[in-house]
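One structure is given here, and the rest of the page talks about it.
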Amino acid sequence: MIKLEIQQGIANVILSRAEKQNALSFDMFMQLNSTIKRIKKDKSVRAVVIKGDGEHFCSGLDVAAVMASPLNIGRLLLKWLPGNQNLAQKVVLGWQSLSVPVIAQINGNCLGGGLQIALGADYRIVDTHAKLAIMEARWGLCPDMGANVVLAGLLKRDQALWLASHANPISAHTAYELGLVTELTDNTEQATQRMLNILRERSPDTLAAIKRVTQKSYTTNQRQILAKETFSQIRLLLNPNTKKAIAKAKGKTDISYANSKRW
């Protein structure tokens with residue numbers, strides 16, 4: 001379900017579950033983590049391109065499949081220390097740990113966990129007709145895959161808050177205006193290739209140094225953010241309102257929070 005193709009120094013990482021718009025299963029989290037580790041060990045790789053199979057990048061978490069197994073939920077969220085990365089966070093922030101440029105090539109839907117994975121990349125090349133969203137709030141959950149670490153360097157605080165809270169898709173043009181998109185294009189394949197051609201002209205050591213220095217200049221307290229993400233998500237998973245939100249997202253429109261108590 002995750003394909004890795006390395007050709008001429010370019011590692012193409014393909015989310016391959018086209019029949020589900022490349023929705024993320026638990027196995028895909030495991031495979032993405034393994035893929036990042038494999039790329040990190042391969043010194044021949046000069047750049048990485050993350051893309052989706054078919055018309056869409058990724059429609060987000062396959063909620064029904066993942067939440068059907070409490071064991072898998074635990075394996076996604078488990079970490080030894082609060083500030084460490086769990087599996088869900090590794091598949092986002094793992095791209096930041098690579099010393100080579102990482103490009104997310106986005107077509108169609110890029111939603112929920114799919115957008116968080118794309119935010120872990122260094123660049124986002126986005127088709128003009130694409131739709132982007134952070135959708136966890138629809139299911140009564142909060143974004144918990146580490147993207148909050150990256151968002152602080154991309155969006156104004158109120159825009160980041162609103163994007164996660166309204167949980168509705170936005171157009172590629174709106175995403176570009178907000179700062180989520182590096183380049184808008186009518187041909188993501190060609191635009192990605194143009195960027196790769198420019199990057200190939202630079203010393204890989206120079207690109208690695210620039211990436212690390214830039215990361216440092218946008219540093220937030222990563223361990224505190226990761227701990228807060230996971231703690232908040234666990235509380236939400238145990239909260240009665242989350243069950244209501246899931247039912248509402250499945251189309252049971254008579255669900256109401258009117259008499260619900262907040263934490």
How big is D for region 165-226, in µm² s⁻¹ as a whole number, if Stokes-Einstein is applied with the Kirkwood radius of its Cα pairs at 25 °C and 0.890 mPa s? 165
(1) 13.2; (2) 15.9; (3) 14.0, with the label sought being that of the calculated mean projected area of the Cα convex hull in nm²: (3)
Taking each pair of distinct Cα atoms in region 1-151 once, what is the resulting Kirkwood hydrodynamic radius in Å? 15.3
For the chain, modelled as a GNM with alpha-carbon contacts under 10 angstrom, which of Leu154, Leu71, Leu119 fluctuates the most? Leu71
Kindly provide the trypsin sites (Lys or Arg not before Pro) of region 150-213 that DSSP labels as loop, not H, G, I, E or B, and whose Cβ sees at most 15 other Cβ atoms within 10 Å. Lys156, Arg202
If you average 1/r across every pair of different Cα atoms in region 119-244 and take the reciprocal, what Kirkwood value do you get, in Å? 16.6
Efficiency by 1/(1 + (r/R0)^6): what FRET value for Ile6 and Lys244, r their Cβ-Cβ distance, R0 = 51 Å, to the nearest 0.05? 0.65
Once phi for every residue in region 25-41 is put through the Karplus expression 6.51 cos²θ - 1.76 cosθ + 1.60 (θ = phi - 60°), the whole-Hz ³J(HN,Hα) values, with Gly and Pro written as x, are 8, 4, 4, 5, 4, 4, 5, 5, 4, 5, 5, 4, 4, 5, 5, 4, 7
With a probe of 1.4 Å, find how much accessible area region 1-113 has per residue, and write the answer as a whole number in Å². 43
With θ set to phi - 60° and the Karplus curve 6.51 cos²θ - 1.76 cosθ + 1.60, what are the ³J(HN,Hα) couplings of region 57-68 in order, to the nearest whole Hz, using x for Gly and Pro? 6, 5, 8, x, 5, 6, 4, 4, 5, 6, 6, 5
Working out 0.36 nm times the residue gap between Lys228 and Glu183, then minus their Cα-Cα distance, what length gain in nm do you get to one decimal? 13.1 nm
J(HN,Hα) series, region 209-224, from Karplus relation 6.51 cos²θ - 1.76 cosθ + 1.60, nearest Hz, glycine and proline x: 5, 4, 4, 5, 5, 5, 4, 5, 6, 10, 5, 10, 7, 4, 5, 5
Would you mind calculating the relative contact order of the chain from Cα pairs under 8 angstrom and at least 6 residues apart, reporting the percent as a whole number? 18
Extending each Cα 7 Å along its Cβ direction at Leu161 and Asp27, get the distance between those two points in nm, one decimal. 4.2
Amide proton proximity set for Lys131, modelled H, under 5 Å, gap of 5+: Gly108, Asn109, Cys110
Using a Cα-Cα cut-off of under 19 Å, which aspartates and glutamates could be cross-linked to Lys248, ignoring same-chain neighbours fewer than 8 residues away? Asp62, Glu136
Quick one: which residues, 5+ away or cross-chain, put their amide H under 5 Å from the amide H of Gly52? H built at 1.01 Å from N. Leu15, Asn107
So, in nm, how far is label Lys41 from label Asn168 when the simple model puts each one 7 Å beyond its Cα toward the Cβ? 4.7
Relative contact order for region 19-97: what percent, with Cα pairs under 8 Å and sequence separation of 6 or more? 42
For the pair Asn197 and Arg212, how long in nm is the line joining their label points, each one 7 Å along Cα→Cβ? 3.1
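The values are calculated or read from the model by the stated rules, or taken from the named source; none is laboratory data. A quick note: this is a predicted structure, and the numbers were derived from the prediction, not measured. We place every Cβ from the backbone using ideal geometry, glycine too, and count neighbours over all the protein chains shown. Protein only, heavy atoms only, side chains kept; ligands, DNA and RNA dropped before computing areas. Shrake-Rupley method; radii C 1.70, N 1.55, O 1.52, S 1.80 Å.
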